[in-house]
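This report concerns only the one structure given below.
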Protein chains: 4
Amino acid sequence: MGERLSFASDYMEGAHAEILRRLAETNLEQAAGYGCDPYTEAAREKIRAACRAPRAEVHFLAGGTQANRIVISALLRPYEGVIAADTGHITVHEAGAIEAGGHKVLALPHTDGKLTAHAIEGCLRSYRADTNRDHMVCPGMVYLSHPTEYGTLYTMNELEAISAICRTNKIPLFLDGARLAYALGCPANELTLAAAARLTDVFYIGGTKCGALLGEAVVFPKPNTVPHFFTIVKQSGALLAKGRVLGIQFDTLFTDKLYERGGAHAVAMADRIRATLTEKGYRLAADSPTNQIFLVLNEAQLAHLSEHIVMGFWEKQDDVTIMRIATSWATREEDVERLIAVL
Amino acid sequence: MGERLSFASDYMEGAHAEILRRLAETNLEQAAGYGCDPYTEAAREKIRAACRAPRAEVHFLAGGTQANRIVISALLRPYEGVIAADTGHITVHEAGAIEAGGHKVLALPHTDGKLTAHAIEGCLRSYRADTNRDHMVCPGMVYLSHPTEYGTLYTMNELEAISAICRTNKIPLFLDGARLAYALGCPANELTLAAAARLTDVFYIGGTKCGALLGEAVVFPKPNTVPHFFTIVKQSGALLAKGRVLGIQFDTLFTDKLYERGGAHAVAMADRIRATLTEKGYRLAADSPTNQIFLVLNEAQLAHLSEHIVMGFWEKQDDVTIMRIATSWATREEDVERLIAVL
Amino acid sequence: MGERLSFASDYMEGAHAEILRRLAETNLEQAAGYGCDPYTEAAREKIRAACRAPRAEVHFLAGGTQANRIVISALLRPYEGVIAADTGHITVHEAGAIEAGGHKVLALPHTDGKLTAHAIEGCLRSYRADTNRDHMVCPGMVYLSHPTEYGTLYTMNELEAISAICRTNKIPLFLDGARLAYALGCPANELTLAAAARLTDVFYIGGTKCGALLGEAVVFPKPNTVPHFFTIVKQSGALLAKGRVLGIQFDTLFTDKLYERGGAHAVAMADRIRATLTEKGYRLAADSPTNQIFLVLNEAQLAHLSEHIVMGFWEKQDDVTIMRIATSWATREEDVERLIAVL
Amino acid sequence: MGERLSFASDYMEGAHAEILRRLAETNLEQAAGYGCDPYTEAAREKIRAACRAPRAEVHFLAGGTQANRIVISALLRPYEGVIAADTGHITVHEAGAIEAGGHKVLALPHTDGKLTAHAIEGCLRSYRADTNRDHMVCPGMVYLSHPTEYGTLYTMNELEAISAICRTNKIPLFLDGARLAYALGCPANELTLAAAARLTDVFYIGGTKCGALLGEAVVFPKPNTVPHFFTIVKQSGALLAKGRVLGIQFDTLFTDKLYERGGAHAVAMADRIRATLTEKGYRLAADSPTNQIFLVLNEAQLAHLSEHIVMGFWEKQDDVTIMRIATSWATREEDVERLIAVL
């Protein structure tokens, strides 16, 4: 990775040291496979407690695209599609995983990476009003990311409104929390885990991008939302024989609020970078309060910064380039200082 | 269907009388199943001749959505999607058939219902340029309708340009000819069957909307484009045991140019209606030269016309409604006179 | 088809003359598309009456494999498979259509082409008892053919037993009636349409092999068994724009018991052939009372018969060959006399 | 997991200590995602060297069912199925994963868990000879496990014969090596990694059951066997963002032959148990030389052993029960001594 500092993404390091310590500590204990071990059960219990959802069903999967594909396929009927922002991860960056599972992504225009209640309602109303609707894909689910792919956050008002629409229309609401730690650790965030469990039908708590080696915890607040979900996971090739690998990680992340603390650290680091950027007159593409910063750079700026740090490429627009700087649970203060010096 | 004249669609009547006559005439002959009968073989030969494609592989299917789904699935690799206009039949009105087959429809903005070479090229270039392309759906095919869903026609220049892009990029070009008779019978049309065979990798000659009881003839100009296509058709539940039912119909349609003559009749009828509409100052939504007319009606106009004729509902826009008038091979001159009187 | 008489299958001719007459008679009437026309509605009503199932949902599809694939996919959950005889049409002769729809066919050994209640119960019990069952395909449906692929018939006792097992285990029972006319027209048959509606969750009344040009009537005795089945049919590419083509045919078949009469004729013809075969000492592979006869022929017999008639090839076993003779609604008495003369 | 010793499976412990050490040691280094990091590249190089296949394409997946489903789907055409033993993992214990991917498993009778060249040839010949073959699933691939699910091993003669059949028939040969370490570490084994690369078109080197936390290395000896396999993996939800987690593990397993040494240890432990079993007159269900032992136990034996050790349940047959004892890379000598004492 050369000598340049990298802020390209939030999944460049391994895992919280405590996770590795516990994997090592329990390594030679014998445990049942497929998530039936006591560590996984402990993780489930801690997540249920954090979500104030004592009856919730919790399943551990390996990654975000996997969680999205399996959850969406399992909840939709064949004739249904999933509503998502046109910037949503499932819309753009999952190589057609949802369609490979048989379903259309009904992409709606975003506002700062967010779906609006208004747009969702319009989509549902227009479907119902269409005389050809029986020849069309029926909107059967709503997919949100929180934080979004642009690092933005839904307000509680926005989420309550979207949840209410879903319940009125009897379609499930699914929240992709691949970066949920960076919301939970953000002062501007209003959504608690308990609120997520109350407002959605299923959501996941991202591990991979938030300090685990791998893993996402899928939470169905209401048990048996999808009968035989375990077998569906197996059939999808997503069941780990050594389920403990995921269980131990989430057990650790949900001990002493490690999950949120990792998120808070990243946001604090990003805030310092943002402050300097503002001070120095850099232009931001989106007003994100979490761990991702989207910079609009002209050629000179891009060349200068690229000399010293690695950023993530986002988009080329005419004469500017949008680049992403991401901090994480692992970002070192000294590296942030060095970045600030460069700016 | 009541006493009002209906111009709602081009599939409201049965079939050309000659088709019924031949079905009756051959009814008690014994013939091999699954399209291995002599009538089907004769139909294939006539289509090959009409297409000047002596080695073409011709398969008969029952309907348009079926043809689209099977052809697209058979040609795409799992990681690929199909480029189509955002007004394309596969994009909007096939209930997610393409996605149910595992593939994303990559919808591009249309111009009068048509894809442009420019937009296709942009889509391919932007895919290739994206550093994340391996996480995205690869554009693997182009789908056109001719006539389009708006009744418009591609010029030969447009089709040559699109075909050239597809060949340069080594992706197949698929032309949906559900209403091809209404192009072939239209003075403004430039595309011959021979040109379709030369420019595309697969296309179909629509029967259902062009005078058959049911049936579409899928033409692969180059044999073995899809190995074992017969078995794929069977597996898709699309193989008729009595293949003769399709074979006899296409044999008849391709005898004495019945197919084109039916189309020409419909276009002549539509031209007379269009002339009156223009004269009377009606506004048209699209400038279609074929058998479909899209009217922009205000409330008073809509009420008046609806009293006397049945039109197809297309779209509601603020204070106007877009309605479709379609003629067909079966439209009677006296009915057109009555419609003109109403206008 | 040469000069030899053909008894190769029951789908070698077109359709009952009355069907063609009615198609011609109604040909130029305008009717709504997609099965919303009055002929299709009349056919539905007649089928409901014949089944004594006034609330039944009736959908018309084009062929048997199509009906099997769509019905099975629509009823099974992703983790479920369908129990069928190892000789069942879906197990052997549908090119993997069920698997292409995502589901395993759980093949059980047959007895004369029939599944036994005992075998089904064993399969369900063994699944439930298996400690690894969550890693296995869950039996979620039972598929029967009546008549079977061997021309045999289930007794009412057998069907009652199988239906009871399905209800106890809360899994649907699906009866494939591709050749149902040849059961209804058979003196040995015990199953009425009303009993089929009472004992199954869905079944279809075959048209293609029983005197129609094409078409199968899928009957769900209980409405809304599969929500949005219409859209699922559309998505599967199985919805005919001119639904009247199927509606008129079934309306005709269910007028004056044409359906059963066609079946009875075929069985009477087969009975005469069977009587001669028995008399002449031919060996039969299965004891079928319906329109199919399976002959076990040595080389000399095969050569002799093949000189005069066309039979369907079934199976080669060591030094004998099993060939099928099938009669149909269209079989002519004079041809049966000629066949008898040959024997 | 209670106080009883467990020999239930070979995935009850974590990973080789060296793997955990290296994960910890590299934990805070920044590395590119999705398998583009230097550890993963190093692992690929070591595997290529071990396989003497310098151009091989190596992809790391998370588990066996995932590898089987993705590889099989990627290689088969829609009309094809995969030949496997009726005891194969894909046939029985993957919850219909292959069928969910659209393909039939063509199950052939096993001999000691193995497919025979004779049975494969028979299946291919009978498909080709069938006059109905275009209505049937085409055998398009052969799937073997080595060691098999019964712990048995193919001889080189057997593998050469099967490979030759596949090449003659132009269908790929796929070897599932979920437990390959226990073959490589077994004195009776004849198959080297180099031979696997020579004889198959794709195989995988199992990590999960052979000392890794998770992970399987899929090896395509010939590059570009499946174009865009990376994107197919992504679309299937199987691409880990932190690909390093798999790369570091395989890099470690292929350093100083840790992979084979782990296997050899397990086999040595199993051999000692087998010797005692033979001495004590226990009956074995299969003659396995690797790390799995299948015991045929009467009720008294089962009760006695179950009091002291945990075994894996395999099958109940009339009055006996078949139980599995599995050793692994992690089995402790002292535990084997205790087991021997119990016996």
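Suppose the filter is in contact with a Phe, Trp or Tyr (Cβ under 6 Å, 6 or more places away or on another chain) and outside the structural domain of C:ALA53 (by TED's automatic domain parsing); does C:ALA303 pass it? When the stated conditions are applied, C:ALA303 does not pass them.
Give segment C:51-83 a look and list any residue that's crowded, with 22+ Cβ neighbours inside 10 Å, more than 14 Å from chain B (Cβ to nearest Cβ) and either touching a Leu at 6+ places or on another chain (Cβ under 7 Å) or in a helix (DSSP H, G or I) (or both), or say none. Once the filter is applied, which keeps residues that are crowded, with 22+ Cβ neighbours inside 10 Å, more than 14 Å from chain B (Cβ to nearest Cβ) and either touching a Leu at 6+ places or on another chain (Cβ under 7 Å) or in a helix (DSSP H, G or I) (or both), segment C:51-83 yields C:CYS51, C:GLY81, C:VAL82, C:ILE83.
One line per residue, one yes/no per condition, for (1) among the charged types (D, E, K, R); (2) closer than 29 Å to C:GLY102 by Cβ; (3) touching a Lys or Arg at 6+ places or on another chain (Cβ under 9 Å); (4) modelled with pLDDT of 95 or more:
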position: B:PRO54; (1), (2), (3), (4): no, no, yes, yes
position: B:ASN68; (1), (2), (3), (4): no, yes, no, yes
position: B:VAL71; (1), (2), (3), (4): no, yes, no, yes
position: B:GLU80; (1), (2), (3), (4): yes, yes, yes, yes
position: B:HIS89; (1), (2), (3), (4): no, yes, no, yes
position: B:GLY113; (1), (2), (3), (4): no, no, no, yes
position: B:ILE120; (1), (2), (3), (4): no, no, no, yes
position: B:CYS123; (1), (2), (3), (4): no, no, no, yes
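Taking segment D:1-19 as the range and being among the hydrophobic types (A, V, I, L, M, F, W, C), more than 7 Å from chain A (Cβ to nearest Cβ) and part of a loop (DSSP other than H, G, I, E, B) as the test, the residues that pass are D:PHE7, D:ALA8.
Taking segment D:134-149 as the search range and keeping residues that are part of a loop (DSSP other than H, G, I, E, B) and farther than 17 Å from D:LYS104 by Cβ, which one is farthest from the other protein chains (Cβ to nearest Cβ)? Residue satisfying both the conditions and the ranking: D:HIS146.
The conditions of being at the interface with another protein chain (Cβ under 9 Å from one of its Cβ atoms) and either surrounded by fewer than 24 Cβ atoms within 10 Å (Cβ to Cβ) or within 24 Å of B:ARG133 (Cα to Cα) (or both) are met by D:LYS242. Tell me which residues, restricted to segment B:311-328, are away from every other protein chain (no Cβ under 11 Å) and either in contact with a helix residue (DSSP H, G or I) (Cβ under 9 Å, 6 or more places away or on another chain) or not aliphatic (A, V, I, L, M) (or both). Residues satisfying the conditions are B:MET311, B:GLN317, B:ASP318, B:ASP319, B:VAL320, B:THR321, B:MET323, B:ARG324, B:ILE325, B:ALA326, B:THR327.
For the residues A:LEU159, A:LEU184, A:LEU213, the requirement of being in contact (Cβ under 8 Å) with a residue 24 or more places away in the chain, touching a His at 6+ places or on another chain (Cβ under 9 Å) and away from chain C (no Cβ under 14 Å) singles out A:LEU159. Of the residues making up segment C:305-319, those that are closer than 11 Å to C:VAL342 by Cβ and among the aliphatic types (A, V, I, L, M) are C:LEU305, C:ILE309.
I'm trying to understand the selection: among the residues of segment A:9-57, which are among the polar types (S, T, N, Q) and closer than 30 Å to A:PRO223 by Cα? Spell out the reasoning first.
Here is the first cut: in segment A:9-57, the residues among the polar types (S, T, N, Q) are A:9, A:26-27, A:30, A:40.
Once the filter is applied, which keeps residues that are among the polar types (S, T, N, Q) and closer than 30 Å to A:PRO223 by Cα, segment A:9-57 yields A:THR26, A:GLN30, A:THR40.
When each of B:THR152, B:THR131 is tested for being in the same structural domain as B:ASP201 (by TED's automatic domain parsing), surrounded by fewer than 20 Cβ atoms within 10 Å (Cβ to Cβ) and part of a loop (DSSP other than H, G, I, E, B), the lone residue that passes is B:THR131.
Within segment B:204-222, can you find the residues that are out of contact with any Cys (no Cβ under 9 Å at 6 or more places or on another chain) and under 22 Å from B:THR152 (Cβ atoms)? Quick ask: steps written out before the conclusion?
Step one: filter segment B:204-222 for residues out of contact with any Cys (no Cβ under 9 Å at 6 or more places or on another chain), giving B:204, B:206-218, B:220, B:222.
Answer for segment B:204-222, where residues must be out of contact with any Cys (no Cβ under 9 Å at 6 or more places or on another chain) and under 22 Å from B:THR152 (Cβ atoms): B:TYR204, B:GLY206, B:GLY207, B:THR208, B:LYS209, B:CYS210, B:GLY211, B:GLU216.
Only one of the numbered conditions (1) touching a residue at least 12 places away in the same chain (Cβ under 8 Å); (2) part of a helix (DSSP H, G or I) is not met by C:SER328, and that is (2).
Do we find that D:LEU23 is at the interface with chain A (Cβ under 8 Å from one of its Cβ atoms), within 20 Å of A:SER328 (Cβ to Cβ) and without any contact (Cβ under 8 Å) to a residue 24 or more places away in the chain in this structure? No: the conditions fail for D:LEU23. Residue count for segment C:166-179 under the criterion of being in a helix (DSSP H, G or I) and surrounded by fewer than 21 Cβ atoms within 10 Å (Cβ to Cβ): the result is 2.
Inspect all residues belonging to segment B:272-292 and state whether any of them is at positive phi, not in a helix (DSSP H, G or I) and not small (Gly, Ala, Ser). Steps first, answer last, please.
Initial filter on segment B:272-292 (at positive phi): B:281.
Still in the list and also not in a helix (DSSP H, G or I): B:281.
Adding the requirement that they be not small (Gly, Ala, Ser) leaves none.
Looking for residues that are at positive phi, not in a helix (DSSP H, G or I) and not small (Gly, Ala, Ser), one finds none in segment B:272-292, hence no.
Quick check, is C:GLY237 more than 20 Å from C:GLU13 (Cβ to Cβ), crowded, with 24+ Cβ neighbours inside 10 Å, modelled with pLDDT of 95 or more and facing chain B (nearest Cβ under 7 Å)?
On the way: more than 20 Å from C:GLU13 (Cβ to Cβ): yes; crowded, with 24+ Cβ neighbours inside 10 Å: yes; modelled with pLDDT of 95 or more: yes; facing chain B (nearest Cβ under 7 Å): yes.
So C:GLY237 passes the test.
Note down all Cβ pairs under 7 Å where the first residue falls in segment B:91-110 and is in the same structural domain as B:ALA74 (by TED's automatic domain parsing) and surrounded by fewer than 24 Cβ atoms within 10 Å (Cβ to Cβ), the second is at pLDDT below 95 and part of a loop (DSSP other than H, G, I, E, B), and they're at least six residues apart or on different chains. Close Cβ pairs (under 7 Å, with a partner that is at pLDDT below 95 and part of a loop (DSSP other than H, G, I, E, B)) amount to B:HIS93/A:ASN132. In the set D:TYR204, D:TYR182, only one residue is farther than 19 Å from D:ALA49 by Cβ, crowded, with 24+ Cβ neighbours inside 10 Å and at pLDDT 95 or above; that residue is D:TYR182.
In segment C:195-211, how many are farther than 22 Å from C:LEU75 by Cα and assigned to a helix (DSSP H, G or I)?
We begin by selecting, within segment C:195-211, every residue farther than 22 Å from C:LEU75 by Cα; these are C:207-211.
Among the residues that remain, those that are also assigned to a helix (DSSP H, G or I) are: C:208-210.
Qualifying residue count, segment C:195-211: 3.
Within segment A:287-302, identify whether any single residue is within 22 Å of D:ALA32 (Cβ to Cβ) and out of contact with any strand residue (DSSP E or B) (no Cβ under 9 Å at 6 or more places or on another chain), and answer yes or no. Steps first, please.
Of segment A:287-302, the ones within 22 Å of D:ALA32 (Cβ to Cβ) are A:291-295, A:297, A:302.
Narrowing further to those that are out of contact with any strand residue (DSSP E or B) (no Cβ under 9 Å at 6 or more places or on another chain): none.
No, because not a single residue in segment A:287-302 is within 22 Å of D:ALA32 (Cβ to Cβ) and out of contact with any strand residue (DSSP E or B) (no Cβ under 9 Å at 6 or more places or on another chain).
Reported count of residues in segment A:210-259, each being of a type in the set (Asp, Glu), touching a helix residue (DSSP H, G or I) at 6+ places or on another chain (Cβ under 6 Å) and over 19 Å from A:THR65 (Cα atoms), is 1. Residues that are touching a helix residue (DSSP H, G or I) at 6+ places or on another chain (Cβ under 7 Å) and acidic (Asp, Glu) within segment C:102-129 comprise just one, C:GLU121.
Quick check on segment B:283-297. Is at least one of its residues more than 29 Å from B:THR26 (Cα to Cα) and touching a His at 6+ places or on another chain (Cβ under 7 Å)? Before you say what the answer is, go through the steps one by one.
So the first thing to find is which residues in segment B:283-297 are more than 29 Å from B:THR26 (Cα to Cα), and the list is B:283-297.
Next, from what is left, pick out any that are touching a His at 6+ places or on another chain (Cβ under 7 Å): none.
So far as segment B:283-297 goes, no, none of its residues is more than 29 Å from B:THR26 (Cα to Cα) and touching a His at 6+ places or on another chain (Cβ under 7 Å).
The residue list B:VAL310, B:VAL267, B:VAL296, B:VAL245 contains one member that is among the β-branched types (Val, Ile, Thr) and assigned by TED's automatic domain parsing to the domain that holds B:GLU57, which is B:VAL245. Just a yes or no: is a residue in segment B:20-42 within 20 Å of the chain's Cα centre (by Cα) and either part of a loop (DSSP other than H, G, I, E, B) or within 19 Å of B:THR225 (Cβ to Cβ) (or both)? No, the conditions are met nowhere in segment B:20-42.
The values are calculated or read from the model by the stated rules, or taken from the named source; none is laboratory data. All figures in this text were calculated on a predicted structure; none of them were measured in a lab. Here the Cβ is made from the backbone with ideal geometry for all residues, glycine too, and neighbour counts use every protein chain on show.
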